[in-house]
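No value in this document is a laboratory result; all are computed from the given coordinates. Small disclaimer: the values here were computed from a predicted structure and weren't measured. Cβ coordinates were reconstructed from backbone atoms using ideal geometry, including for glycine residues, and neighbour counts include every protein chain displayed.
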Amino acid sequence: TSRPKNDYELFTLTTWLLREEQKGTIDGELATVIASITLACKQIASLVNRAGISNLTGVAGAQNVQGEDQKKLDVVSNDVFKNCLASSGRTGVIASEEEDLPIAVEETYSGNYIVVFDPLDGSSNIDAGISVGSIFGIYEPSEECPIDAMDDPQKMMEQCVVNVCQPGKDLVCAGYCLYSCSTIFVLTIGQGVYGFTLDPLIGEFVLTHRNIQIPEKGKIYSFNEGNYGLWDPAVRSYMDSLKDAEAWGGKPYSARYIGSLVGDFHRTLLYGGIYGYPGDAKNKNGKLRLLYECAPMSFLAEQAGGLGSTGTQRVLDVMPEAVHQRVPLFIGSKKEVEYLESFTKK
Ligand code: AHM
Ligand code: MG
C-alpha cells in the first residue's frame, strides 16, 4: 500500500539509493560510496558554475602523467573527489586521470570499493563556459589480490594497480555527471540507467530520467573529423558513407561534436546516434582512457540497450594492462555501432 501522491513529493537520488538498498540490489557500503560521489559532483557543479568569477579558469602550471596541461579546475576537482571518497570511509583504492598511480585511501585500505574516475572531463571547454563532466566507475576489490602490504609501499602500489586494472564487465556501478544548462547525474548499478537533475534550490538530485533506453538507431555522428586524414581507411569509408545523402534517402547524418565526452555521450544516450574517437596514425589507440572514460561509458551504454566497441571488440571485455591505457571508442545506438563495426571488423 503506497501513500497517495501529493504535489510536494520528490523522488531524490538519496531516496532512490535507499530503495535499492532495501531491495538488496546494492549494499549500504556501495550506497555510501555513490552518495559521496554525488556530493563531490555537487561541489564541482558549483565550482564550474563560478569558475570565471572565482579565478578558477586557466591552467594550473603542471602536467599530468599523460603530458597534458592540467587546468586549475582539473586539480581542484580531483581534490574534491578524493576528499569525498576518503570521508565516505568505504573506498579502498582510487585511480584518477589526474593521478600518476592508484592510491590506497589511507585509513580504509582493505576490503572496500575501488573507484576509478575522471574528475573533470573535457576541461578544455571550461574557459568558454561550455559543458564538461565527471565520469566514474566502481569495482569490488580483487579477491586474489588483497591490499595488505602496509609496510612495503612498492608492493602496496602494485596491489593497488592489480585492484584497479579490472575489465569493464566487472564494474558494479558506473556513471557521470554533466555540468551544463542543468547538472545531470546519470548512473547504473547494472539494472538499467537512471538520470537525476540537480535542483539548485534545494541542493538535491531529483529523479528525472527513469530507465533510459538509447534509441536503437540515430542519425547523428559525433567524431573529431579534423583527424579524418589520420584515420585508417576503414573508418574513413565509414565516415564517407554517413555523408552519402543518396544512400540515406536524401538525408545524410547530422554532425554534432562538443569535444566533451560527457556532453556528447549524454546527447547520444537520449537522442541516439554514435560517438567515436578512433585510433589514428599518430595515436594508435586514440585519445580516450579505458579505465575511467571508455569502460564506465560502455557499461552505461549497454545498460541502456546500446553498445560500446573498440571497433574490433566489446569495450567491457578489454582487460586493462595499465592504469592510463587508451583504446579506440565507438559508442551509442546498437545498430549504429554495429554498422561501424561492419567496416572496422573486415
Ligand atoms: P580530457 O580528459 O583531457 O578532457 O580529454 C578527453 C576529451 C573528451 O571529453 C573529448 O571527447 C575529447 O577529449 C576531445 O578530444 P579532441 O579535442 O581531440 O577532439
Ligand atoms: Mg578525460
Exercise. Here are some conditions: (1) within 16 Å of ligand 2 (Cβ to nearest atom); (2) of a type outside the set (Lys, Arg); (3) part of a helix (DSSP H, G or I). Ala86 meets all but one. Which one does it not meet?
Worked result: (1)
Seminar exercise, completed: Reported set for the range 205-260 where residues are closer than 27 Å to Ser124 by Cβ, away from ligand 2 (no atom under 16 Å from the Cβ), surrounded by 15 or more Cβ atoms within 10 Å (Cβ to Cβ) and among the hydroxyl-bearing types (Ser, Thr, Tyr) is Tyr221, Tyr238, Tyr253
Problem set entry | Flag for Ile53 being among the β-branched types (Val, Ile, Thr), in a loop (DSSP other than H, G, I, E, B) and away from ligand 2 (no atom under 14 Å from the Cβ) | yes
Exercise. Consider Trp248 against the criteria (1) within 11 Å of ligand 1 (Cβ to nearest atom); (2) more than 14 Å from the chain's Cα centre (by Cα); (3) aromatic (Phe, Trp, Tyr): it satisfies all of them except one. Which criterion is unmet?
Worked result: (1)
Problem set entry | Any chance Leu101 is of a type in the set (A, V, I, L, M, F, W, C) and closer than 25 Å to Ile202 by Cα | no
For this session: Taking the options Gly190, Gly175, Gly168, name whichever one is buried (at least 22 other Cβ atoms within 10 Å of the Cβ) and under 18 Å from Glu29 (Cβ atoms).
Result: Gly175
For this session: Would you be able to say whether some residue in the range 311-329 is over 28 Å from Ile103 (Cα atoms) and hydrophobic (A, V, I, L, M, F, W, C)?
Result: no
Exercise. Consider Gln213 against the criteria (1) in contact (Cβ under 8 Å) with a residue 24 or more places away in the chain; (2) under 17 Å from Phe11 (Cα atoms); (3) among the polar types (S, T, N, Q): it satisfies all of them except one. Which criterion is unmet?
Worked result: (2)
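Residue under question is Val115, and the condition is that it be surrounded by 19 or more Cβ atoms within 10 Å (Cβ to Cβ) and either within 14 Å of ligand 1 (Cβ to nearest atom) or part of a strand (DSSP E or B) (or both); does it hold?
Yes, satisfied.
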